[in-house]
Amino acid sequence: MDRNVRPVAAMMFMLMGMMSLGFVDNLVPAIAQQAGLWQFHATRAALVLPALVLIGYFAGAPVWPTKFWAVIGRTVAVTVAMTIYFGSLAFMPIEVVLAGLFTAPIFVLILSAVFLKRQIGRRRWIAAAVGFAGLVMVVQPDPNSLNLTSFIPMVAGAFYAVANLATREWCEGEGTIVLTIFNFIGLGLVGLLGMVGFTIADIAVPDFVTLGYVAPTYTFLGLCLIQAVGATIGVFSITRGYQLGEASYIAILEYGMIICAAMWAFVLFGAVPNMLAVAGVGLIIASGVVIALRSR
């Protein structure tokens with residue numbers, strides 16, 4: 001294994017990121033009652049980016065990439081993945097969208113084997129399959145709602161996998177703050193374009209995804225601020241995790257996002273998962289344990 005790979009530290013950063021994102025993602029329904037998705041992305045980026053630049057400046061950390069086009073390539077992959085993911089919410093159930101996005105760990109294994117010529121052992125393939133089975137048990141998509149468009153979120157999963165591989169393979173040596181800044185630049189620009197576009201379109205009965213600009217309330221700004229802080233911690237931690245760990249090992253741990261989101265849903269709203277979901281969580285944990293042991 002590469003001497004620069006630190007699997008235990010990578011796992012700790014991934015856990016921190018999952019816990020943080022699992023918390024703030026539970027705030028999205030409340031944000032959806034205040035403004036549209038694209039205004040949320042643009043507002044969050046406007047709140048986050050100055051803070052990240054200041055943190056980088058006072059910490060003496062770089063805020064501009066040394067491998068500019070590599071970072072741009074990674075940013076494009078992240079932005080495309082998240083745009084497809086959130087855009088899919090407009091016309092299909094969220095559980096189907098989540099299942100599609102979280103095919104990313106499987107795509108990481110496939111891309112690592114095909115393009116990076118990494119040796120992916122049978123146990124890791126099995127662990128990936130078990131983790132995805134657990135994910136399906138947790139989100140429990142309705143088979144009657146599945147059609148060809150239901151597979152569109154898998155495209156988001158594929159681009160997300162490319163971004164995760166790029167974190168270490170293309171952007172090795174880049175500062176974590178740099179990659180986090182460009183994450184938010186990409187999503188902020190897409191949010192601004194989407195907000196302007198849907199404002200001009202002026203759809204008669206808009207939803208969260210098709211709503212243009214609305215005058216922001218203090219509640220919206222407060223929720224965006226909390227989401228911005230949590231998302232910054234989450235994105236920073238996950239990015240650092242991929243910098244410290246080999247992507248084909250680390251990617252499977254992202255299934256833990258579902259566990260963290262469910263845990264926070266219980267803490268915040270008292271939402272209790274059914275027994276099938278609990279069994280699915282068990283499979284996800286088992287998958288992560290196998291991956292962790294195989295990465296040592």
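Along the positive direction of the dipole of the chain (beta-carbon charges: Lys, Arg +1; Asp, Glu -1; about the Cα centre), which of Ala10, Gln227, Ala261 reaches farthest?
Looking along the dipole axis, the top candidate is Ala10.
Please get the size of the charge dipole for segment 78-199, origin at its Cα centre, with Cβ charges of +1 on Lys and Arg and -1 on Asp and Glu, quoted in debye to the nearest 20.
Once rounded to the nearest 20, the dipole reads 480 debye.
Given the chain, report the % of alpha carbon pairs whose separation exceeds 28 Å.
Roughly 36 percent, rounded to a whole number.
Looking at the chain, do any whole DSSP H helices span at least 18 angstrom along their long axis by alpha carbon and average 0.5 or above on Kyte-Doolittle, and which?
What comes out of the filter, once short or polar helices are dropped, is 7-25, 37-59, 68-88, 122-139, 152-169, 176-201, 218-244, 256-269, 275-294.
Using a simple spin-label model with points 7 Å from Cα along the Cα→Cβ vector, what separation in nm is obtained for Ala279 and Ala61?
The two pseudo-label positions are separated by 4.3 nm.
Determine which residues of segment 213-228 fall in the zone a paramagnetic label at Val267 would reach in this model, i.e. backbone nitrogen under 19 Å from the point 7 Å along Cα→Cβ.
Residues 223-228 fall inside that zone.
With the Cα gyration tensor of segment 174-257 in hand, give its eigenvalues times 5 under a square root as the equivalent ellipsoid semi-axes, listed largest first in whole angstrom.
31, 14, 13
Can you give me the convex hull volume of the Cα atoms of segment 26-115, divided per residue and expressed in Å³?
Per-residue hull volume (Cα only) is 151 Å³.
Going 7 Å from the Cα of Ala51 along its beta-carbon direction, which residues of segment 230-267 have the amide nitrogen within less than 14 Å of the resulting point?
The answer is 230-237, whose backbone nitrogens lie closer than 14 Å to the label point.
Could you check the spin-label model distance between Val214 and Ala201? Points 7 Å from the Cα along Cα→Cβ, value in nm.
Result: 1.7 nm between the two label points.
Sum -39500 (n - 2.57) across every DSSP H segment of at least 4 residues in the chain, then divide by the residue count to get the 222 nm mean residue ellipticity, nearest 500.
-24000 deg cm²/dmol
Could you tell me which residue out of Met195, Ala128, Val80 lies farthest along the dipole of the chain toward its positive end? Charges go on the beta carbon: Lys and Arg +1, Asp and Glu -1, centred on the Cα centre.
Ala128
About the Cα centre of the chain, what is the dipole size in debye to 20, counting +1 per Lys and Arg Cβ and -1 per Asp and Glu Cβ, all else neutral?
1020
Please report, in Å, the Rg and the Dmax of segment 114-211, where both are computed over Cα atoms only.
Radius of gyration, then largest Cα-Cα span, for segment 114-211: 18.8, 53 Å.
No lab work stands behind these numbers, since they all come straight from the coordinates. In this text, all values refer to a predicted model and were calculated from it rather than measured experimentally. Positions of Cβ are generated from backbone atoms using ideal geometry, with glycine treated the same way; all protein chains shown enter the neighbour counts.
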